[in-house]
Structures are given as structure tokens and as C-alpha cells.
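What follows is a single structure, written as C-alpha cells, with notes after it.
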């Protein structure tokens, strides 16, 4: 049907523009955040692009969900404003006839969202976690950004290096501030190198430097010069299996786990795909424009409904993770309510034009009877 093909084409074109705009915003925010972390020495400079890509893949299901909802709202709202909807309804095309072309557009997107949330997003979260764990495994000196102060993992040392060469593990213009037993020790050196002992311990060995040691607030302090001085470097083993986060675990692993936390994560992943269909059904009646209420009133109501829906999904996920609601009910409960609400609103919106047409026909019949 020409009507269906035209509507699907318009939905695809509008969705493409909206998705590109939303993705650009997410990429910009992610770029600023990751660059800030890299500048602070919290992530590896060489992993910036990879971390931005993984964050984008993780946010992709939510972006596509929001894109579908906004696309249907804007497209059908435009039809109301341009009086196209009045023409279609007056020709006998009810509002329920719009569901078929809308679902032709929505169902493939829902499948993509489901596959992304179930498989791609967990993989992206795991890769990002491994990148960060490998960076944390590096020596404390290697993780120091040149020109910045960085505290050790146990909080007992503060490192500063002006330059670091990863190929030779050598450093230039080093400052190490150590606090132990109430005494402060400041070590400065022009050169140094990171050395590994046979037992695996690593030391920052500084050459031709000075050490200042004393107690804050007291005049007694010592100044010592040295040719070689070593400071032990604390290392942390990488942990790729973060048990506190189910987001990095694969969907088959969550199903095999069967714990409340795993079920809560499954509720969220499945819910993202179901929410695309639920929001599409709800967007059709919400796109109605009342000229007396203003041209943007329906969009404000629709966005409010969207935020309430997402908050309800988060609440159900939290309840499932805590074992307060059974998984057999939680994975479909909110979405079923939203779909039922959308169908009820759709039926009500569809009956309004029919009742208006009936009153117009009755008035015309009365005029004809009066004329005769």
C-alpha cells in the first residue's frame, strides 16, 4: 500500500537523523569524560578511542529505544499539524491502521536492540573493564601522567615525574613523598629507573639525589645525599571477573548463575527490547495534537511518560536483584502494562473521530429531513 510505504520511508529517514544527532551527543560527552580521565592519569592514553567505542556500544540500546519513540512522535505529530491525519481519518483510515506500518519499522529495531543488549553491550563492558584492569596493573610510576602528582594505591606515597620512557622504564626529574610512622620523607632525583627483582617485586631506583626526612611542625630534620636509592612500588593484580557488577557478564553466564542479581540484569537486558515495542504502541496515541492545548503539549506529556517508564524499569530491576519480585513476573510486568495502556488509548483515540463522523452524518440527515 502506498500509504504504508510512504510512512515507513518517512520513519526511517527521521530515525536516521535523530539517531545520528543522539550518537553525536553521546560520543562528545564520552570523549570529554575519557579525555579528562586520561589527563588525570586514570586511564591509558592509548586506550581512549577504544574506551569511547565500548561506551558507545553500551549506550546503543538506549539510544535506539529513544530514537524509535521520538521518531514516531515527531512523524505522527507532523501529520496532525499538517492536517494529513484528518484527511486519512475522513477517508475511513482509522488510527489503528497506522500500527501496521509502524510495527514494520519497529520490529527490526527491537530485534537489533535485543541482540545488542543481550550480547554486544556485555562484551563491550567486559572489554572496557579489562582495559582499566590492565592499566591498574601497571606500576605506579608508569601510571603517573608526566607533570602531575599521583598518589599510590595505599595512600602512603605521592609520585611526580617530569618524563617517563616506557621502552627503558626510565624516569627524569623524580619526586617521591612518603609518610611513615608520622614522619615525612621527600626524595628528589634527576634520573631513575624501574627495576624488577627475581621475586617479582619492583623498585624505583633513583640516582644521585637527595632525601629530606623529618616530622611536620618540628625543626629536627635530616638531609641525605645518595648515589642510588630504591623505593618499593606497589602493584595490583588485574581482576577481570568483577563479581560486584553483573553488567560485564555474558547472558549465558547470567542464565547459568540463577542468582537474584543475575536475574535483575537479565530483566534489564530483555526489557530494553520489549520497551521498544511498548513505546512504539504508546507513541501512536500520544502523538495526537490538540490545537487548543498548544503545539508542544503532547511532546511534553510523551517525554514525561518516557521518563516514568524508564524509572519503572529501573525499579523492577532493583526489586528483582533484591529478590522482592519473581523473575517470571518482573521481565514482562511493566512492559505489559504500558502496551495495554497504549492499546486502550489507541482505541479511545480511534473512537473519537468515528463518533464525530456519526454526529456529522446525523446532523446532515436532520437537515435533509427538515428541507423535505
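Structure notes:
- All conditions but one from (1) touching a helix residue (DSSP H, G or I) at 6+ places or on another chain (Cβ under 6 Å); (2) modelled with pLDDT of 90 or more; (3) surrounded by fewer than 18 Cβ atoms within 10 Å (Cβ to Cβ) apply to residue 61; the one that does not is (3).
- Among the candidates 203, 131, 135, the residue that is at pLDDT 75 or above and either closer than 30 Å to residue 249 by Cβ or in the same structural domain as residue 38 (by TED's automatic domain parsing) (or both) is uniquely 131.
- Residue that is farthest from the chain's Cα centre (by Cα) [pool: residues in segment 211-229 that are surrounded by 14 or more Cβ atoms within 10 Å (Cβ to Cβ) and at pLDDT 85 or above]: 226
The values are calculated or read from the model by the stated rules, or taken from the named source; none is laboratory data. As the structure is a prediction and not an experimental result, all values here were calculated from the model. Every residue, glycine as well, gets a Cβ built from its backbone with ideal geometry; the counts of neighbours run over all protein chains shown.
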